[in-house]
1. Looking at the structure I just gave you, is residue C:138 away from chain D (no Cβ under 13 Å) and buried (at least 21 other Cβ atoms within 10 Å of the Cβ)?
2. Among the residues of the range A:39-59, write down those that are in a helix (DSSP H, G or I) and open to solvent by less than 20 Å² (accessible area, probe 1.4 Å).
3. Being part of a helix (DSSP H, G or I), within 16 Å of DNA strand F (Cβ to nearest atom) and under 21 Å from the mean Cα position of the chain (by Cα) is the requirement here; does residue C:106 meet it?
4. If you check residue C:187 against the conditions, is it within 12 Å of chain D (Cβ to nearest Cβ) and hydroxyl-bearing (Ser, Thr, Tyr)?
5. Considering each of B:83, B:92 in turn, give the residue that is within 13 Å of the chain's Cα centre (by Cα), in a helix (DSSP H, G or I) and away from DNA strand E (no atom under 16 Å from the Cβ).
6. Hey, can you tell me all the residues within the range D:33-52 that are touching a Lys or Arg at 6+ places or on another chain (Cβ under 6 Å) and near DNA strand F (Cβ under 8 Å from one of its atoms)?
7. Can you name the residue in the range D:39-63 that is more than 8 Å from DNA strand E (Cβ to nearest atom) and touching a residue at least 60 places away in the same chain (Cβ under 8 Å) and is also nearest to the other protein chains (Cβ to nearest Cβ) among such residues?
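The values are calculated or read from the model by the stated rules, or taken from the named source; none is laboratory data. Just so it is clear, the structure is predicted and the values come from calculations on it, not from any experiment. A quick note on method: Cβ atoms are made from the backbone with ideal geometry, for glycine too, and the neighbour counts reach across all protein chains shown. These accessible areas exclude ligands, DNA and RNA; they are computed on the full protein's heavy atoms, side chains included. Shrake-Rupley method; radii C 1.70, N 1.55, O 1.52, S 1.80 Å.
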Number of protein chains: 4
Amino acid sequence: MPRQVDREARRGEILAAAVRVFARHGYADSRIEDIAREAGMAKGSVYLYFSSREDLLRAAFDGMSTRSEELIAEVGRHPGDTSERLAFLVRSVLALLTRERDLARVLLDVWSAGARKPAWVDMAAFYQDYRAAVAALLDARDEDGTEPSVAPYEHATVLVGAIEGCVLQWLFDPSVDLATLAEPIVTLLVPRTR
Amino acid sequence: MPRQVDREARRGEILAAAVRVFARHGYADSRIEDIAREAGMAKGSVYLYFSSREDLLRAAFDGMSTRSEELIAEVGRHPGDTSERLAFLVRSVLALLTRERDLARVLLDVWSAGARKPAWVDMAAFYQDYRAAVAALLDARDEDGTEPSVAPYEHATVLVGAIEGCVLQWLFDPSVDLATLAEPIVTLLVPRTR
Amino acid sequence: MPRQVDREARRGEILAAAVRVFARHGYADSRIEDIAREAGMAKGSVYLYFSSREDLLRAAFDGMSTRSEELIAEVGRHPGDTSERLAFLVRSVLALLTRERDLARVLLDVWSAGARKPAWVDMAAFYQDYRAAVAALLDARDEDGTEPSVAPYEHATVLVGAIEGCVLQWLFDPSVDLATLAEPIVTLLVPRTR
Amino acid sequence: MPRQVDREARRGEILAAAVRVFARHGYADSRIEDIAREAGMAKGSVYLYFSSREDLLRAAFDGMSTRSEELIAEVGRHPGDTSERLAFLVRSVLALLTRERDLARVLLDVWSAGARKPAWVDMAAFYQDYRAAVAALLDARDEDGTEPSVAPYEHATVLVGAIEGCVLQWLFDPSVDLATLAEPIVTLLVPRTR
DNA sequence: TATGAATGAGTATTCATTCAT
DNA sequence: AATGAATGAATACTCATTCAT
């Protein structure tokens, strides 16, 4: 019997290596061989777990999107009113990306690749869901009937945009302190519950 | 010097063709031959005006950044108080990108490539200048000494981020109406002058 | 020695599986893994019985050539005169290949590989022996001293060629009825004993 | 303007080089690089004229089949009765292959590849046409109403088979004198006109 | 014996760039 | 200036074979 292997664990190791390499050189300049070396194995072994180089990038995106969805689900269980929940979301997302800097850097490649291949990764759906979740929270806040100055869906678009746009700036320029930006975003874009 | 004029015009045609091709397939999947064909000339001729494929992407970015800088300069000459100037900036940027959709799509590739090669295109500097200009406007507004709830530079980061983040969402999903998002951004993030 | 018997049986199973796979996809497009799966075992196990992929093809050829030699030997024991013996040979060969269609299809690969590697499989010797056996039969018929219109060895070459050439056509086109071709070959190429 | 090139001539040179290389090592063991070197050019240049390695093999077959068809057409214009025409066909085919030994050696690869990929090269159709042409000649001979001992189509199959089968033996064993075999084949398989 | 995970040599193909005309 | 034929470096992926268990 051959060496017993935990396929999922092995897959995870390779993916983690790939994320590190993608973060370092960018997807376009990352060679399968680099990834294999980073994972401490031979080129061919990568293909036992991933069907192609592109498959690795997709898996990286899947990981991110899964985490995001978990985060959004967690927000629903967060104590406090909707303002507090939105604040929690903003802080959590930025904290997550600050922590997982490599994953965040890969975002740039995922964005670029995802925009061209809707069949490959449904970026549109991902952001639609994201906006919808935020809009639902914003809307809940207005149950009292007060008319907000900005419609919830547009407000959600701007809030989501501000998060992503701050991440973008941080990726280009590490002197931008991402974690610290949570408070300005909350202050400016999360309406206080009356 | 008619030769000189010709040369610039030819360069412009090629760059425009490149932008169309990049927008369609993405930089990674755009071949020099595609660009030459789109520009109605032979492959080799492209090299008489651009030194490499990457040079075309850089030129596309240069075009964008020049336009942005012009826009920012224009903002300074815009009549009205700082709130109106900021509103004008937001509207102008979004209108520009809505109009130049191809250029906007190339942004994804520029971001991705720019993040890896600081020497190639100084994305950090570009956004630093962008933020600085916005922060200056925000700061001007507070000359009276009132303490704003969010420091100007952070506020600028969030405002710039919101713009870029809304563009991002629009690029993935054309059902997001970019031009229309100007008002929510203005309402939410441009402080009204007292 | 039951172990020994087991071993031979196992080898036979694998070889049979290989022949089926080779017949289906051709040697060039047959993977060791396909053969192992067809034989109901793991890839590595194949190597316990055959030293390489090529070894399987050689073994397939060996099987065919052994059968052919048996057939030729049997012809010597066949009752009747030489005409009848030759007729029996033609019919037997064509019947054998009709029955073992998979083996026949592998012939194409064996021919192709065999022509390049004399050391690997001695195709030249095989056909030399084949022709010699047929020529001997043809010659025997002429013991009376009558001069035949075609020398025995050349006649044998044409007869063997006709058999192989009919097989070839049948392999390309199943609508060619191989078994039925035995009679035309016999009529045209096996001289009647006077 | 770039160097002027006769595309057809260049294609021909490369194909000729490919045939030499295929003849030497067999298709399976021929590298594109070997072919390029044999043709005195760089690897990439081969792809300016042929879309793939397989395309080269197909082109080799196309060349052969075109020549064969020309030969068959020529037979129709050959003076003499049908016996003489058939004899001419047999002699011409064997002379052609004797002359073009490299092309003949590639036959083995073409047979092997062609049998697996009907869409790629229609071997069945090629031999059907071949048989039909020969059968037509055999049939013409019987216009007087005499019943032949073997039906024309089967006779044609055997005659075509004998030719191919002799070629096969010659390919394995150069001591088989192919050109010389024309007479035995004619004597044995081409019915004399009464 | 049997297994199947791991290996890494091997190669077809692509395409940016060059340069002779 | 313009062309497009030629180049050859670069690389994803395959798969026969090995070997630890």
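1. On the way: away from chain D (no Cβ under 13 Å): no; buried (at least 21 other Cβ atoms within 10 Å of the Cβ): yes.
It is false that residue C:138 is away from chain D (no Cβ under 13 Å) and buried (at least 21 other Cβ atoms within 10 Å of the Cβ).
2. At the first step, the residues of the range A:39-59 found to be in a helix (DSSP H, G or I) are A:39, A:43-46, A:53-59.
A:46, A:56, A:57, A:59, listed by residue number.
3. On the way: part of a helix (DSSP H, G or I): yes; within 16 Å of DNA strand F (Cβ to nearest atom): yes; under 21 Å from the mean Cα position of the chain (by Cα): yes.
It is true that residue C:106 is part of a helix (DSSP H, G or I), within 16 Å of DNA strand F (Cβ to nearest atom) and under 21 Å from the mean Cα position of the chain (by Cα).
4. Details: within 12 Å of chain D (Cβ to nearest Cβ): yes; hydroxyl-bearing (Ser, Thr, Tyr): yes.
Against the criterion (within 12 Å of chain D (Cβ to nearest Cβ) and hydroxyl-bearing (Ser, Thr, Tyr)), residue C:187 qualifies.
5. Details: B:83 fails: within 13 Å of the chain's Cα centre (by Cα).
Of the residues listed, the single one that is within 13 Å of the chain's Cα centre (by Cα), in a helix (DSSP H, G or I) and away from DNA strand E (no atom under 16 Å from the Cβ) is B:92.
6. D:36, D:49
7. Filtering the range D:39-63 for residues that are more than 8 Å from DNA strand E (Cβ to nearest atom) and touching a residue at least 60 places away in the same chain (Cβ under 8 Å), the one nearest to the other protein chains (Cβ to nearest Cβ) comes out as D:61.
For (1) charged (D, E, K, R); (2) surrounded by fewer than 19 Cβ atoms within 10 Å (Cβ to Cβ); (3) part of a helix (DSSP H, G or I); (4) within 12 Å of another protein chain (Cβ to nearest Cβ), each residue gets a yes or a no:
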| site | (1), (2), (3), (4) |
| --- | --- |
| B:110 | no, no, yes, yes |
| B:124 | no, yes, yes, yes |
| B:128 | no, yes, yes, yes |
| B:133 | no, no, yes, no |
| B:147 | yes, yes, no, no |
